[in-house]
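Engineer: First the structure, which I've put down as structure tokens, then a few questions once you've had a look.
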Amino acid sequence: MKHYFEYQDSKSYKFWQVEIEANTLNVKYGKIGTAGQEKISSFDTPEKAQKEMEKLISEKTKKGYVEKTDASAKKVARRIGVSYDEAEEGKTLLEKVTAFLDSAQATEVESLVIAAWEEAYDCGPQESLDLMIANPGKLPQLKELFVGDMDSEECEISWITQADYTNLFAAFPSLERLHIKGSKDLILSSHPLTHEHLKALTIECGGLPKVVIEKIATAQLPNLEYLQLYIGVDEYGFDGKIDDLRPFMQKGLFPKLKHLGLVDSEIANEIATEIAQASVLEQLETLDLSMGTLSDDGGRALLESSKIAGLKKLDLHYHYLSNDMIKEFKKLSILVDVTDQQDLEDEWRYPAVTE
């Protein structure tokens, strides 16, 4: 018997397949459209193989994998960026985006990643973004856009200069996933933000400005299923308070929302305490409060919440919880990630991603 699953979020698009024959278990996994990797395990009896398969399927479904009858088609994806050597030679992102839009492949691309550009700490990708916005007919299949996919050697996350996305949403009405890395000079929209088909929005940064938080909190995104916001620290751009995050804790703001991430926060305990009794938990499958300064104060509020039991997964990885608190979370019936415990002896607590 064969079972096939797929998983997709703002960064991943992958499959997992398990097949059992007598006492042998065959597992395949990898990115959609690839052959993937294979792992074969043998057991003493068919019953033991069956038990292991059921265990693995349970683990995958808790992580968000969805079983399907047929494999999805491979996405046509393209990654465009300017390497250090290319920048030294005077090449620009605008030149590369121009050449891409003039190519035959552009009309087939569903997923586009804009990687590093020249002097990202000093200038943003505005010209390249505007060129795409002015030519939506050259990207008729575009469903996913990631702008700013670069590592710390290319540019520290809080130094990445971003752009004004106001006109992007009207230019690409079929866009389903938007991932932005960096919040310096970021304007999500200078108008009320509305989009009928957006399913996933991720803003990854060292500090999320209040104006961006407010824009999302007042947006009309009826099909949004996945929201991941890096809150960060005030030193790198976060100038809000817990009050500014409360709209995300209300059920129905985004009626189809299943995953909410308020991560990488220096006010993680305040967030945990507020959301522990929030109505949004009634509609969520996954709550992600990872990579922040969560300690036992916030952890206790979560453990005392009856609403947490309705989740499929609670992600708290990278935290400052005590060993006793970690043990309590592991007793919960839902999947809880409490890996990557930070040094409790340190006088200061820091989020995982800042600079």
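The values are calculated or read from the model by the stated rules, or taken from the named source; none is laboratory data. It should be emphasised that the depicted structure is a prediction, and the values quoted were computed from it without experimental measurement. Positions of Cβ are generated from backbone atoms using ideal geometry, with glycine treated the same way; all protein chains shown enter the neighbour counts. With ligands, DNA and RNA removed, areas are computed over all heavy atoms of the protein, side chains included. Shrake-Rupley method; radii C 1.70, N 1.55, O 1.52, S 1.80 Å.
Engineer: Would you calculate a helix-derived [θ] at 222 nm for the chain, using -39,500 (n - 2.57) for each DSSP H run of n ≥ 4 and dividing by the full residue count, to the nearest 500?
Structural biologist: -6000 deg cm²/dmol
Engineer: Can you give the relative contact order of segment 296-348 as a percent, counting alpha carbon pairs under 8 Å and 6+ residues apart?
Structural biologist: Values: 58 pairs, mean separation 21.3, N = 53.
Contact order relative to length: 40 percent.
Engineer: When only C-alpha pairs under 8 Å and at least 6 residues apart count, what is the relative contact order of the chain, in percent?
Structural biologist: Relative contact order of the chain: 10 percent.
Engineer: Considering the alpha-carbon set of segment 279-321 alone, what are its Rg and its Dmax in angstrom?
Structural biologist: 10.3, 27
Engineer: I've got another one for you. Counting residues in segment 69-130 as N, plug N into 2.2 N^0.38 Å and put the Cα Rg over that result.
Structural biologist: Normalised Cα radius of gyration, segment 69-130: 1.33.
Engineer: Which percent of the accessible heavy-atom area of the chain goes to carbon and sulfur, probe 1.4 angstrom?
Structural biologist: Working: 8070 of 17330 Å².
Roughly 47 percent, rounded to a whole number.
Engineer: Can you give the accessible area of GLU54, probe radius 1.4 Å, in Å² rounded to 10?
Structural biologist: 100 Å²
Engineer: For segment 186-259, which GluC sites (Glu not before Pro) are both in a DSSP coil and crowded by at most 13 other Cβ atoms within 10 Å?
Structural biologist: GLU196
Engineer: Set the Förster radius R0 to 56 Å, insert the Cβ-Cβ distance between ASP122 and LEU332 as r into 1/(1 + (r/R0)^6), and round the FRET efficiency to 0.05.
Structural biologist: According to the calculation, E is roughly 0.75.
Engineer: Between GLN220 and ILE57, what length in nm is gained on full extension when 0.36 nm per residue of separation is reduced by their alpha carbon distance?
Structural biologist: Taking 0.36 nm per residue and subtracting the Cα distance, the gain is 55.1 nm.
Engineer: Using a 1.4 angstrom probe on the protein heavy atoms only, line up LEU101, LEU335 by accessible area, largest first. Please report the intermediate quantities before stating the final value.
Structural biologist: Working: LEU101 10, LEU335 55 Å².
Most to least solvent-accessible, the answer reads LEU335, LEU101.
Engineer: Using the heavy atoms of the protein chains alone and a 1.4 angstrom probe, what is the accessible area of the chain per residue in square angstrom?
Structural biologist: On the way: 17330 Å² over 355 residues.
Averaged over the residues of the chain, the accessible area is 49 Å².
Engineer: Let me ask something additional. So, taking all protein chains as they sit and a 1.4 Å probe, how much accessible area belongs to SER174, in Å² rounded to tens?
Structural biologist: 50 Å²
Engineer: With a Förster radius of 30 Å, plug the Cβ-Cβ distance of LEU344 and SER12 into 1/(1 + (r/R0)^6) and report the FRET value to the nearest 0.05.
Structural biologist: Numbers: r = 31 Å, r/R0 = 1.05.
Working from the Cβ atoms, E equals 0.45.
Engineer: On to the next question. Pulled fully out, how much extra length does the chain show between SER279 and GLU235, if you take 0.36 nm times their separation in residues and subtract their Cα-Cα distance? Display every interim value, and only then the final one.
Structural biologist: On the way: separation 44, 0.36 × 44 = 15.84 nm, distance 3.11 nm.
My answer for the length gained is 12.7 nm.
Engineer: Throw me the Rg/Rh for the chain, computed over C-alpha atoms with Kirkwood Rh, two decimals.
Structural biologist: Reported Rg/Rh, Kirkwood definition of Rh: 0.99.
Engineer: Please work out the FRET efficiency for the pair LYS91 and ASP151, using the Cβ-Cβ distance as r and a Förster radius of 30 Å; give the result to the nearest 0.05.
Structural biologist: 0.95
Engineer: Where does the longest stretch of the chain lie that holds no chymotrypsin sites (Phe, Trp or Tyr not before Pro) found in a DSSP loop with 15 or fewer other Cβ atoms within 10 Å?
Structural biologist: 122-347
Engineer: Sequence gap at least 6, Cα distance under 8 Å: using those rules, report the relative contact order of segment 39-129 to the nearest whole percent.
Structural biologist: Averaging sequence separation for qualifying contacts and normalising by length gives 31 percent for segment 39-129.
Engineer: Something else: Amide H to amide H, which residues 5 or more places from VAL76 or on other chains are under 5 Å from it, using H placed in the peptide plane?
Structural biologist: GLU110, SER111
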